[in-house]
Amino acid sequence: MNPLDQLIDEPKTETTESKKIRDILYRRSDLSTFVVHLTRNKECLEGILKSWTIEARNMWGAAKKKLEESQQMVKSQKCVCFTETPLEYLSLLIEKIDGRNFQPSSYGIAITKKLARKNGVNPIWYVDMTPGQVKQWALSKAVDNIVHDKIKDNSLECSNVAKIAPFIEQMYPGTGNDHPKEFWWEREWRHVGNFNLLGHILLLCPGSDFEKFYDLAKVRDPHVKCIDPNWGLEKIIASLAGFENGEIDIL
């Protein structure tokens with residue numbers, strides 16, 4: 001037999017090594033390295049940097065509505081909210097959007113997702129309650145009934161439900177005159193109670209306020225960097241790489 005023919009007939013082995021999941025995730029632009037907390041205004045960011053703490057001032061989650069209806073303010077349901085929206089798309093998140101009660105500003109902070117997870121920040125669970133979808137309604141209604149029973153007998157605060165409820169939100173597209181409740185696209189994460197800034201942060205604010213907020217933050221974090229959430233990805237990269245505005249601007 002011709003040695004060359006034998007070589008051709010032999011099955012070829014796959015030499016490409018499998019990739020690690022971490023290497024794959026780093027290449028996906030829809031997955032962010034950061035979680036971001038956007039404030040209502042610049043004064044709120046100033047307060048955060050002075051205290052190095054984001055205060056949990058409002059209740060959120062599956063128990064929020066029923067607690068408000070019964071005029072109760074339960075501490076275990078107060079949360080600090082974050083989004084895992086990639087930095088290059090933050091400008092879309094701070095646009096004025098119909099039906100949204102909270103209007104975020106261009107001021108906030110970002111921390112790495114890994115640091116957030118180490119300190120109790122968790123993604124929330126969106127439960128569908130679209131009318132006519134019986135299976136989804138059954139799930140939403142089950143959560144609602146559990147919460148209702150605990151509030152009714154005043155046992156919510158000391159129950160396991162109180163630990164879960166802040167991380168559950170309903171999805172509802174709205175019908176007729178009803179307002180939709182469709183905010184799953186914000187990809188929200190939450191922390192129950194005040195959140196202390198323990199490590200390195202990325203400051204978010206308009207470029208005109210960089211110096212002011214940098215001076216406030218560098219006392220606690222000498223390596224702090226600033227970006228404007230209205231920038232595109234290329235400008236964010238160039239700025240963090242240390243280029244001056246005059247070197248970045250294309251025109």
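The values are calculated or read from the model by the stated rules, or taken from the named source; none is laboratory data. The structure displayed is predicted, hence computed values, not measured ones. Backbone-built Cβ (ideal geometry, glycine too); neighbour counts: all protein chains shown.
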Inset, instruction - Please indicate, with yes or no, whether at least one residue in region 53-75 is in contact (Cβ under 8 Å) with a residue 24 or more places away in the chain, surrounded by 17 or more Cβ atoms within 10 Å (Cβ to Cβ) and acidic (Asp, Glu). - result: no
Inset, instruction - State which residue is farthest from the chain's Cα centre (by Cα) when the search covers only region 19-62 and only residues that are closer than 19 Å to Arg100 by Cα and of a type in the set (Gly, Ala, Ser). - result: Ala62
Legend entry - Complete set of residues in region 214-231 that are of a type outside the set (A, V, I, L, M, F, W, C), in a loop (DSSP other than H, G, I, E, B) and either free of Cβ contacts under 8 Å to residues at least 12 places away in the same chain or exposed (fewer than 12 other Cβ atoms within 10 Å of the Cβ) (or both): Lys218, Pro222, His223
Legend entry - Per-region count, region 54-73, residues modelled with pLDDT of 90 or more, closer than 15 Å to Lys150 by Cα and part of a loop (DSSP other than H, G, I, E, B): 3
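Here is a yes/no grid of residues against (1) over 19 Å from Ser76 (Cα atoms); (2) at pLDDT below 90:
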{"site": "Glu95", "(1), (2)": "yes, yes"}
{"site": "Asp98", "(1), (2)": "yes, yes"}
{"site": "Leu115", "(1), (2)": "yes, no"}
{"site": "Tyr126", "(1), (2)": "yes, no"}
{"site": "Gln133", "(1), (2)": "yes, yes"}
{"site": "Ser155", "(1), (2)": "no, yes"}
{"site": "Val161", "(1), (2)": "no, no"}
{"site": "Met171", "(1), (2)": "yes, yes"}
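So that you can scan it fast, the table gives a plain yes or no per residue for (1) outside any loop (DSSP other than H, G, I, E, B); (2) surrounded by fewer than 12 Cβ atoms within 10 Å (Cβ to Cβ); (3) without any contact (Cβ under 8 Å) to a residue 12 or more places away in the chain:
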residue	(1), (2), (3)
Leu90	yes, no, no
Glu95	no, yes, yes
Ser106	no, no, no
Arg117	yes, no, yes
Inset, instruction - Kindly indicate whether any position in region 171-186 is under 30 Å from Leu87 (Cβ atoms), hydrophobic (A, V, I, L, M, F, W, C) and in contact with a Cys (Cβ under 7 Å, 6 or more places away or on another chain). - result: no
